[in-house]
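Novice: Pasting in a structure now, in structure tokens, and then I'll have a few things to ask.
The values are calculated or read from the model by the stated rules, or taken from the named source; none is laboratory data. Note that the coordinates shown come from a computational prediction; the quantities given were computed from them, not determined experimentally. With ideal geometry, Cβ positions are generated from the backbone for all residues, glycine too; neighbour counts draw on all protein chains shown. These accessible areas exclude ligands, DNA and RNA; they are computed on the full protein's heavy atoms, side chains included. Shrake-Rupley method; radii C 1.70, N 1.55, O 1.52, S 1.80 Å.
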Amino acid sequence: MQKKQKIIIGACTVLCIGVIGAGIFFVQHKDKGNKEELAYVMSVSSMNDMAGTQKLAGIVESQKTLDIQKDAEREVKEILVKTGDEVDVGTPLFTYDTEKLEADLQQANLDLERADNDMKNQKDQIAQLEKEKKKAPEKEQLSYTTQIQSAQMDLKKSEYEKKAKEVEINRIKSQIENSTVTSEMKGVVKSVNNSQNGESINPYDGSSQAFMTILATGEYRIKGKVNEQNITQIVEGAPAI
């Protein structure tokens, strides 16, 4: 009988120990699981500093952009820079072809020389007519007067053509002397639209229509786009990040 009681007591003891061990194991793993599933939150009050701030997407770009247009009547001979190159004030960007201008200059100089010869001949003609008029009888005076006036009109026309030709020569010389286009500011070459080499420019893709675009370095700004989806979220004057 005593032996049976000892067996029962031993079994109960083992059972109690097993229950206690299982309880400890369950509690430990429950606490561990709770730790892994903890969610950290931020109070609304701590977000007051960000209240009303707009979050927008955009790109960083220069405050100043220089668009350089190509003379439509002239051909580009050589482009001296490429996209991404850094330039300074006075850096050569591209050169114009001067072959046609030099031919035009030669022709203009010939025209100017011809105008000078015409004027000399007309002045000599007027002087000769005035000399003959003094010796001519009275009935021929009107005829000489008419010839002299006509010669004087031709002389004025030649003088005007000479002045116009001188202006043209100065313009051609200036174009030849300034055939190299240089940068007017320090910056980075953003784009080069060389349509002469078969590259077409799409006027509707939002890109610059300038032959060359330079972005100034130093000061920058954030540039974003507004569309039908986000226009209602943008508030003028509100801070943005």
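Novice: Looking only at residues in segment 134-192 that are over 46 Å from the mean Cα position of the chain (by Cα) and not in a helix (DSSP H, G or I), which one is farthest from Gln209 (Cα to Cα)?
Specialist: Pro137
Novice: Tally time: how many residues in segment 59-71 are open to solvent by less than 50 Å² (accessible area, probe 1.4 Å) and more than 12 Å from the chain's Cα centre (by Cα)?
Specialist: Total meeting the criteria: 0.
Novice: Six or more apart or on different chains, Cβ atoms under 9 Å: show the pairs whose first residue is in segment 89-112 and within 23 Å of Ile68 (Cα to Cα) and whose second is open to solvent by less than 30 Å² (accessible area, probe 1.4 Å) and part of a helix (DSSP H, G or I).
Specialist: Leu101/Ile172
Novice: Do you know which residues across segment 130-165 are over 25 Å from Arg114 (Cβ atoms), of a type in the set (Lys, Arg) and surrounded by 12 or more Cβ atoms within 10 Å (Cβ to Cβ)?
Specialist: Correct list: Lys133 only.
Novice: Also, quick follow-up: Please determine whether any residue of segment 96-112 is touching a strand residue (DSSP E or B) at 6+ places or on another chain (Cβ under 9 Å), open to solvent by less than 100 Å² (accessible area, probe 1.4 Å), part of a strand (DSSP E or B) and at pLDDT 55 or above.
Specialist: yes
Novice: Let me ask something else about it. Please determine whether any residue of segment 173-184 is at pLDDT below 80 and loosely packed, with under 13 Cβ neighbours inside 10 Å.
Specialist: no
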